[in-house]
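First comes the structure, then the notes that go with it.
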Amino acid sequence: MQCHICDSEQTFLLDDSFQVYGCKICTHEFSALPPERQETYGPEYFRETHRKWFEHPNLPLFRKINEAVERLAVHGSGSLSFLDIGCGQGDLLRDMKRAGSRAKLSGIDLVRNTDEGTTYYQGDFVSFPFPEQFDAVSGLMVIEHIGDPHGFTRKISSVLKPKGVVIMNTVNASGFLYALARVLRSLQVRGPFERLYDKHHLEHYKTRSLRTLFEREGYEVISHRTHNFPLGALDVPEGNKLLALIYRAGIACIFFLTSRGGGVHQTLIARKKA
């Protein structure tokens, strides 16, 4: 099995039931699931499957993205254009608009969105024929769903202007929570591992593998940090209030311990070199 990031053949099977492989060279982990076992995507994704995630958006992350885009506006000239890939229900774009963003705001997703003053495209980002290029693009919890990381990144390059900036937020499989889940799995406690490595994600990015991907595609990394998300956005076990309370308390402790490093998410900001 060839690594999806560095193309190395030095990979190993990490978990048979989820077909998770690891790379000995760039440390990336990925799932080789057939299409029929992969997660489907539709309106129920927002209303049911990950309802809490969309009810509790990561506002601190939204603010940092808006600040990064505004810095481009300060140092650039003329109009500034911004695209949010996999924009979902448009939460980031609405927050940027409320914050007074000077950028021309656009988003694309498989579901339809409408907001006055924001341009929404409906379709698959990878195959969509965009009529323009953008100064900056973002992808929040999107890239881990894509089984062809290099193809996805090259599509980003095609819609970015020269020296354009990409802001990519995804899982951090090198963080403490993932490491703990792997240890518990080795002790035959599979629950945490199965929640993190579920069919929901095809690519499980370490900090090293995410950086390697963008550097191999011709980007200069500007900043790269790990962090957590709002606790309220956590998907907890349904139907058992005590189990849900224990689960939430455990994750809260881990978030506290990793608040200064090793968080469950990571965000990379990189500039296209040409």
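With both residues required to sit in the chain, DSSP beta bridges show an antiparallel share near 55%. A cut-off of 5 Å between modelled amide H atoms, ignoring neighbours fewer than 5 places along the same chain, links SER81 with LYS104, ASP135, ALA136. Keeping all protein chains in the complex and leaving out DNA, RNA and ligands, what accessible area do you get for PHE125 with a 1.4 Å probe, in Å² to the nearest 10? Roughly 10 Å² of PHE125 is accessible to a 1.4 Å probe. Taking the Cα centre of the chain as reference, the dipole from Cβ charges on Lys and Arg (+1) and Asp and Glu (-1) amounts to some 900 debye. With R₀ set to 35 Å, the beta-carbon distance separating PHE128 from ARG225 gives a calculated FRET efficiency near 0.75. Share of carbon and sulfur in the accessible area of the chain stands at 54%, probe radius 1.4 Å.
Remark: the chain carries 49 Å² of accessible area per residue (probe radius 1.4 Å; ligands, DNA and RNA excluded).
Our compactness index for the chain, the C-alpha radius of gyration over the empirical 2.2 N^0.38 Å, is 1.00. Computed about its Cα centre, the charge dipole of region 128-261 is approximately 420 debye, with only Lys, Arg, Asp and Glu carrying charge at their Cβ.
Shape descriptor for region 157-274: Rg over Rh equals 1.05 (Cα atoms; Rh from the Kirkwood inverse mean 1/r).
Once Lys and Arg get +1 and Asp and Glu get -1 on their Cβ, which of LEU231, HIS200, SER174 lies farthest toward the positive end of the dipole of region 99-242? Result: SER174. Beta-bridge orientation, region 54-210: approximately 5 percent antiparallel, per DSSP, counting only bridges with both partners inside. With kT/(6 pi eta Rh) evaluated at 37 °C and eta = 0.692 mPa s, and Rh the Kirkwood radius from Cα pairs, region 189-237 diffuses with a coefficient of 242 µm²/s according to Stokes-Einstein.
Could you give me D for region 1-157, from Stokes-Einstein at 37 °C and 0.692 mPa s, where the hydrodynamic radius is the Kirkwood radius over C-alpha pairs? Units µm² s⁻¹, please. Translational D for this selection: 187 µm²/s. The stretch between SER259 and TYR41 holds 75.4 nm of extra length on full extension. This uses 0.36 nm per residue minus the Cα-Cα distance. The Cα atoms of region 141-224 give a gyration tensor whose axes a ≥ b ≥ c have a/c of 1.5 or more with a/b greater than b/c, which makes the shape prolate. Annotation: average projected area of region 90-201 is 9.0 square nanometres, based on the convex hull of Cα atoms across all directions. Remark: the ALA32-VAL236 segment gains 70.8 nm on full extension, using 0.36 nm per residue and subtracting the alpha carbon distance. For region 264-274, backbone phi angles converted through the Karplus equation (6.51, -1.76, 1.60; θ = phi - 60°) give residue-by-residue couplings of 7, 10, 9, 10, 10, 10, 9, 10, 5, 6, 8 Hz, Gly and Pro being listed as x. Let me know the longest stretch in the chain that avoids all GluC sites (Glu not before Pro) found in a DSSP loop with at most 16 other C-beta atoms within 10 Å. The longest uninterrupted stretch comes out as 133-237.
The values are calculated or read from the model by the stated rules, or taken from the named source; none is laboratory data. Quick caveat: nothing in here was measured; it's all calculated off a predicted structure. Glycine gets a Cβ as well: all are built from the backbone with ideal geometry, and neighbour counts include every protein chain shown. What goes into the accessible areas is simple: the full protein's heavy atoms, side chains included, and nothing from ligands, DNA or RNA. Shrake-Rupley method; radii C 1.70, N 1.55, O 1.52, S 1.80 Å.
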